[in-house]
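K.L.:
Below: one structure in structure tokens.
The values are calculated or read from the model by the stated rules, or taken from the named source; none is laboratory data. Every value quoted in this text rests on a predicted model; they were computed, and no experiment measured them. Positions of Cβ are generated from backbone atoms using ideal geometry, with glycine treated the same way; all protein chains shown enter the neighbour counts.
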DNA sequence: ACTCCTCCATACGGTGACGTACGGTCTCGA
DNA sequence: TCGAGACCGTACGTCACCGTATGGAGGAGT
């Protein structure tokens, strides 16, 4: 909307392009078109394409932290987990990006960010389960199964073998994590 | 090995390139280098790059049929399912290709093949469960959960959040499908 | 030996994306 | 008002890949 752009505007557009077309779509000229400007603008804000990719990845990572930060306002760990799952299975935006990035994990930079974000999410959920009295190994096993299912369901939805059903998926995940489905 | 190549040699090399670098890696000149020949050879066997991609996809689809065909020699459906799961969780090659292709399902041709292959695998497993007395909807629900887990586990292995444990994964999948883990 | 056909190499033009060079416009403070 | 810096457009060189054109090596049949 604003006439002049910031580096963050570019990062946002790059993340959107990433969600839609994968890493290859995070290209200078196409994103410039999306923003309605030319390359001249881009090379003012960034040194090269790689920097843009990294900015998009940072933005994605920040969204994970933001989601976690919002959850901290809920006291009950069960409610936190449920809120997290509903948000996760609800949007579908993050699942798409996660999927893209995991499939392009050969890229060293992508690999590092993906690993960091995944580990952050997994250990956060694991800690919640531990807080609820589950032993650490058991908790991690369950979280891995649940997170794996999350990614797998996203894949099935993507190929049209399954229609999204956020609510029931969240219920299922709660059960697999050994938590009550309805928080009374 | 042979001095002269066939179209199938090109398709095989293309599928290998697909597994390693995704659709973008199925490019004429790089694959030619991999085969130790030049583009002149390629354009003798194929009309264009798209044909090569389609040939690689056909080859991948054929592998699914081949796996299924081999299973038909086993009489017991339980043994068939276990053999299928062990083969699936064992190699990891197919999971890599499946992952790549699912993430690039925006391509219309890829989408069609991926959907066909997935549906083939899912209905095949569903039929086996039905053969074992499970009702169709229940069977499909379980197969979807299992196939989704298969893809999700492949993702987790890919990002290093989980080390492969083919045997126990197969056991787990068998349990989720409502089948006995050990065929006595 | 001659010839046709198969398979491949080389050379070329075309396209899209990256990155650079440079100039233009707008804003803000002195 | 005026100069400096922020922001952007345009033109260009380069590179990787696609696809075409053309010709050459080598075997099979006559």
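K.L.:
Every residue in region A:31-48 that is within 10 Å of DNA strand C (Cβ to nearest atom), within 25 Å of the chain's Cα centre (by Cα) and surrounded by 15 or more Cβ atoms within 10 Å (Cβ to Cβ), please.
P.N.:
Of everything in region A:31-48, those that are within 10 Å of DNA strand C (Cβ to nearest atom), within 25 Å of the chain's Cα centre (by Cα) and surrounded by 15 or more Cβ atoms within 10 Å (Cβ to Cβ) turn out to be A:31, A:32, A:46.
K.L.:
Taking region B:1-10 only, how many residues are surrounded by fewer than 15 Cβ atoms within 10 Å (Cβ to Cβ), near DNA strand C (Cβ under 10 Å from one of its atoms) and either within 14 Å of another protein chain (Cβ to nearest Cβ) or in a loop (DSSP other than H, G, I, E, B) (or both)? Steps first, answer last, please.
P.N.:
Within region B:1-10, the subset surrounded by fewer than 15 Cβ atoms within 10 Å (Cβ to Cβ) is B:1-4, B:6-8.
With the extra rule that they be near DNA strand C (Cβ under 10 Å from one of its atoms), the set shrinks to B:2-4, B:6-7.
Okay, now just the ones that are also either within 14 Å of another protein chain (Cβ to nearest Cβ) or in a loop (DSSP other than H, G, I, E, B) (or both), so B:2-4, B:6.
Summing the residues that are surrounded by fewer than 15 Cβ atoms within 10 Å (Cβ to Cβ), near DNA strand C (Cβ under 10 Å from one of its atoms) and either within 14 Å of another protein chain (Cβ to nearest Cβ) or in a loop (DSSP other than H, G, I, E, B) (or both) in region B:1-10 gives 4.
K.L.:
Restricting to region B:80-93, give me the number of residues that are closer than 15 Å to residue B:152 by Cβ and surrounded by 21 or more Cβ atoms within 10 Å (Cβ to Cβ).
P.N.:
Final tally of qualifying residues: 3.
K.L.:
Identify, please: which residue in region A:44-58 is more than 17 Å from residue A:108 (Cβ to Cβ) and without any contact (Cβ under 8 Å) to a residue 12 or more places away in the chain and is, among those, farthest from DNA strand D (Cβ to nearest atom)?
P.N.:
Step by step, filter region A:44-58, then rank; the result is A:47.
K.L.:
For region B:124-140, what are the residues that are under 20 Å from residue B:70 (Cβ atoms) and either buried (at least 20 other Cβ atoms within 10 Å of the Cβ) or at the interface with another protein chain (Cβ under 10 Å from one of its Cβ atoms) (or both)?
P.N.:
Matches in region B:124-140: B:125, B:126, B:128, B:129.
K.L.:
If you don't mind, there's one more thing I want to ask. Considering (1) exposed (fewer than 15 other Cβ atoms within 10 Å of the Cβ); (2) under 19 Å from the mean Cα position of the chain (by Cα), say which one residue A:59 fails and leave the rest.
P.N.:
Looking at each condition in turn, residue A:59 falls short on (1).
K.L.:
Hey, another quick one. Restricting to region B:1-43, give me the number of residues that are over 23 Å from residue B:107 (Cβ atoms) and either near DNA strand D (Cβ under 8 Å from one of its atoms) or touching a residue at least 40 places away in the same chain (Cβ under 8 Å) (or both).
P.N.:
2
K.L.:
Hey, another quick one. Go through region A:11-30 and report how many residues are outside any helix (DSSP H, G or I) and buried (at least 20 other Cβ atoms within 10 Å of the Cβ).
P.N.:
2
K.L.:
Out of B:173, B:154, I need the residue that is crowded, with 21+ Cβ neighbours inside 10 Å, within 18 Å of residue B:71 (Cα to Cα) and at pLDDT below 90. Which one? Spell out how you get there, then give the answer.
P.N.:
Details: B:154 fails: within 18 Å of residue B:71 (Cα to Cα).
Of the residues listed, the single one that is crowded, with 21+ Cβ neighbours inside 10 Å, within 18 Å of residue B:71 (Cα to Cα) and at pLDDT below 90 is B:173.
K.L.:
Also, quick follow-up: So residue A:179 passes all but one of these: (1) facing chain B (nearest Cβ under 7 Å); (2) over 26 Å from residue B:115 (Cβ atoms). Which condition number does it fail?
P.N.:
Evaluating residue A:179 over (1) facing chain B (nearest Cβ under 7 Å); (2) over 26 Å from residue B:115 (Cβ atoms) leaves (1) as the failure.
K.L.:
I need every pair where a residue in region A:141-163 that is more than 7 Å from chain B (Cβ to nearest Cβ) has its Cβ under 6 Å from the Cβ of a residue that is outside any helix (DSSP H, G or I) and at pLDDT 90 or above, sequence separation at least 6 or different chains.
P.N.:
Every condition considered, the pairs that remain are A:142/A:177; A:146/A:177.
K.L.:
If you don't mind, another one. Pick from A:35, A:15, A:52: which is outside the structural domain of residue A:175 (by TED's automatic domain parsing), closer than 25 Å to residue A:164 by Cα and touching a helix residue (DSSP H, G or I) at 6+ places or on another chain (Cβ under 6 Å)?
P.N.:
A:15
K.L.:
Just for region A:77-109: of the residues that are facing another protein chain (nearest Cβ under 10 Å) and either in a helix (DSSP H, G or I) or within 25 Å of residue A:175 (Cβ to Cβ) (or both), which one is nearest to the chain's Cα centre (by Cα)?
P.N.:
By that ranking, first place goes to A:98.
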